[in-house]
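Notes follow the structure.
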């Protein structure tokens with residue numbers, strides 16, 4: 001191999017070891033599979049599911065709060081909320097302090113749908129984690145939490 005060929009090889013990503021690519025690929029494939037499954041069996045996509053799951057954990061919250069916690073842009077959350085409202089899975093309550101703002105909560109239908117999808121989501125997670133030891137899972141969770149913590153400084157990085 002000539003030296004400029006070696007130089008070229010050094011100037012490309014190893015996609016099997018580049019963590020952002022691995023995480024993104026896994027996330028995209030997992031989301032696409034979940035969305036396909038949830039649309040087929042429950043008539044909602046993965047974004048709507050994430051909103052339902054968030055509202056089960058924390059009720060009477062703003063769309064902005066949903067965006068902050070689950071990391072989706074406002075337009076995607078807004079579309080999901082409109083769909084969930086049209087199907088009567090969520091309702092909006094006016095903020096008494098600020099009449100222009102609303103809070104979102106699950107309806108009884110939304111809670112029922114959440115509980116049905118939760119069983120499927122947990123089974124999908126179980127399949128994803130099959131063959132992974134408890135110790136490896138604990139390490140994975142710790143590493144993912146650390147990566148999440150580092151995101152602020154990563155996203156603030158500005159190359160020279």
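Key figures
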| read-out | value |
| --- | --- |
| Close pairs from the range 116-132: first touching a residue at least 60 places away in the same chain (Cβ under 8 Å), partner in a loop (DSSP other than H, G, I, E, B), Cβ under 8 Å, at least 6 apart | 117/44 |
| Hits in the range 60-78 - residues which are under 26 Å from residue 151 (Cα atoms) and touching a residue at least 24 places away in the same chain (Cβ under 8 Å) | 61, 62, 63, 66, 72, 76, 77 |
| Spans of helices (runs of 4 or more DSSP H) in the range 14-81 with at least 2 residues touching a strand residue (DSSP E or B) at 6+ places or on another chain (Cβ under 9 Å), modelled with pLDDT of 95 or more and surrounded by 12 or more Cβ atoms within 10 Å (Cβ to Cβ) | 46-57 |
| Residue among 70, 112 that alone is under 28 Å from residue 129 (Cα atoms) and touching a helix residue (DSSP H, G or I) at 6+ places or on another chain (Cβ under 6 Å) | 70 |
| Among (1) surrounded by 11 or more Cβ atoms within 10 Å (Cβ to Cβ); (2) within 30 Å of residue 19 (Cβ to Cβ); (3) modelled with pLDDT under 95 - the single one residue 102 does not satisfy | (2) |
| Which numbered condition residue 92 misses (of (1) under 21 Å from the mean Cα position of the chain (by Cα); (2) part of a strand (DSSP E or B)) | (1) |
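The values are calculated or read from the model by the stated rules, or taken from the named source; none is laboratory data. All values derive from a computational prediction rather than experimental measurement. Please note: Cβ atoms are built from the backbone with ideal geometry, for glycine as well, and neighbour counts cover all protein chains shown.
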